[in-house]
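The values are calculated or read from the model by the stated rules, or taken from the named source; none is laboratory data. What you see is a predicted model, and the numbers here were worked out from it, not measured in a lab. So basically every Cβ, Gly included, is an ideal-geometry build from the backbone, and we count neighbours across all protein chains shown. Please note that ligands, DNA and RNA were not included when accessible areas were found on the heavy atoms of the full protein model with its side chains. Shrake-Rupley method; radii C 1.70, N 1.55, O 1.52, S 1.80 Å.
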Amino acid sequence: MPRPPSSTRSQAIRRINLTLEGPVADVLAQMVPELKKLPRRGVLERVLDDPDLLDRCFKAFRAEPERFYALLVDRQNLPIDQADAMLACGRTLDEVVGMVVRTCAKRQFRQRLDGVSRPLRGADRSRGKSPDSLLKRLSHLFSPPPPPRRSRGDILYDSFKEHLRHDWQVALVPDYSTLSPQLVRRMGARILDYRIPEDIKRLRENPFNPPPPTRPPEPVAESAAALPPPPRPPAPGPGMPPPVAVPGGDHRARIADILTADQKRLRPEAFTLILLNPEVRAALSQPEQTVRLTGQLAEVGGLPAKRLIGELGLRPEQLVVMMLTIYEMVGAEMFSRSFGLTGNLEYVGKFIDRAKAAGIDQTTPLAGIAVFCRRLFASVKRG
């Protein structure tokens, strides 16, 4: 995909900065009291220089994204409903988040490794004042000076930047600054598996024998026979909404957009805007608990998600309602061993068979998805 002209990129970045320092900062100031104490001019730089403060801002956004709904609009001033939809600034929400994360990391790396948070401007201001400056300028015509040495901070940033794109990484930026560029390059995308400071410390101490990342303990996958079989769903009745009209084409969720780089789990930030969708919120029992819901989505394994999308053709919002409703009905433990990272694909296959028998497909309204899942797992919740 060709890159836009530099002037277009500069205009987009300027617009993003003005929005972040203006209306976005105004909303965040109501949620993060520390922002109220900062001067309006320069507040963005102050936040970018403080990973802890930026992390609190991201968490505030994830906790109450509805407060930002009026700011997340496209060029027609219409609200967007996907994290990969183009905003009025010419970038997607995911791209804006990635830009903020990378900028924070670059400034921190420079500050911690070089002693400055941004490039020095006009460093050679004495040029033209010394007696031999003319000779120096003439000599440069015949032998250009060597390129300036890249700083330690810039070298580390260059090794990291391809993998700096998630808001949860902001809290790890100070720990990232302690790693060597060589280690980061060797790790590649695997660095995204290390999500807590203790993991980064252990990685730094064992650069040639990376320890496995810490993960919450997960139940060992059981055979499908050991799992309580889901009850056969009742045929659609008056409680099941009629099918919805889906415009021409296949609107199933795109795997590349919703899974982490290693494709092991759902990427919860891909669903931030979907959780704002009024129809999605109406289908969930506790839609206001956004942080809890995004955490539950992060527990969905990549393989179960691929099967559900591939065989039922689920749209992104259908997948969200289905997974969150099942989680609500069966609880964390059973959900983890059925639909989690170590999910039981035979169990998932039986669930898909029940869903197909009930007529669940891309045209099923979100309320119908929720009704189906609640009926299917009602006995599990009662038990």
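The single condition among (1) modelled with pLDDT under 85; (2) assigned by the TED database to the domain that holds residue 290 that residue 264 does not satisfy is (1). Name the one entry in 302, 343 that is surrounded by 22 or more Cβ atoms within 10 Å (Cβ to Cβ), at negative phi and in contact with a strand residue (DSSP E or B) (Cβ under 9 Å, 6 or more places away or on another chain). It is 343.
Looking only at helices (runs of 4 or more DSSP H) that fall completely inside segment 121-201, which ones have 2 or more residues that are modelled with pLDDT under 60?
Per the criteria, 133-142.
Among 380, 371, which is in contact with a helix residue (DSSP H, G or I) (Cβ under 7 Å, 6 or more places away or on another chain), touching a residue at least 12 places away in the same chain (Cβ under 8 Å), of a type in the set (A, V, I, L, M, F, W, C) and open to solvent by 10 Å² or more (accessible area, probe 1.4 Å)? Going through 380, 371 in turn, the sole match is 380.
Residues that are touching a Phe, Trp or Tyr at 6+ places or on another chain (Cβ under 6 Å) and closer than 21 Å to residue 278 by Cα within segment 323-359 comprise just one, 327. Number of residues in segment 248-283 that are in a loop (DSSP other than H, G, I, E, B), under 25 Å from residue 59 (Cβ atoms) and among the aliphatic types (A, V, I, L, M) equals 2. Do the conditions hold for residue 359, that is, is it part of a loop (DSSP other than H, G, I, E, B), assigned by the TED database to the domain that holds residue 261 and more than 28 Å from residue 256 (Cβ to Cβ)? When the stated conditions are applied, residue 359 passes them. Can you work out which of the residues in segment 81-94 that are open to solvent by less than 80 Å² (accessible area, probe 1.4 Å) and of a type in the set (Asp, Glu) is farthest from residue 31 (Cα to Cα)? Of everything passing the filter in segment 81-94, 84 is farthest from residue 31 (Cα to Cα). Scanning segment 38-74 for residues that are touching a strand residue (DSSP E or B) at 6+ places or on another chain (Cβ under 9 Å), open to solvent by 30 Å² or more (accessible area, probe 1.4 Å) and without any contact (Cβ under 8 Å) to a residue 60 or more places away in the chain yields 70, 74.
Just to be sure, is residue 78 open to solvent by less than 90 Å² (accessible area, probe 1.4 Å) and closer than 23 Å to residue 271 by Cα? It is false that residue 78 is open to solvent by less than 90 Å² (accessible area, probe 1.4 Å) and closer than 23 Å to residue 271 by Cα. Scanning segment 274-285 for residues that are touching a residue at least 24 places away in the same chain (Cβ under 8 Å) and open to solvent by 60 Å² or more (accessible area, probe 1.4 Å) gives 279, 282, 285.
Does residue 331 count as open to solvent by less than 40 Å² (accessible area, probe 1.4 Å) and part of a helix (DSSP H, G or I)?
So residue 331 passes the test.
Out of curiosity, is residue 288 at pLDDT below 90, surrounded by fewer than 22 Cβ atoms within 10 Å (Cβ to Cβ) and out of contact with any Ser or Thr (no Cβ under 7 Å at 6 or more places or on another chain)? For residue 288, the condition - at pLDDT below 90, surrounded by fewer than 22 Cβ atoms within 10 Å (Cβ to Cβ) and out of contact with any Ser or Thr (no Cβ under 7 Å at 6 or more places or on another chain) - is met.
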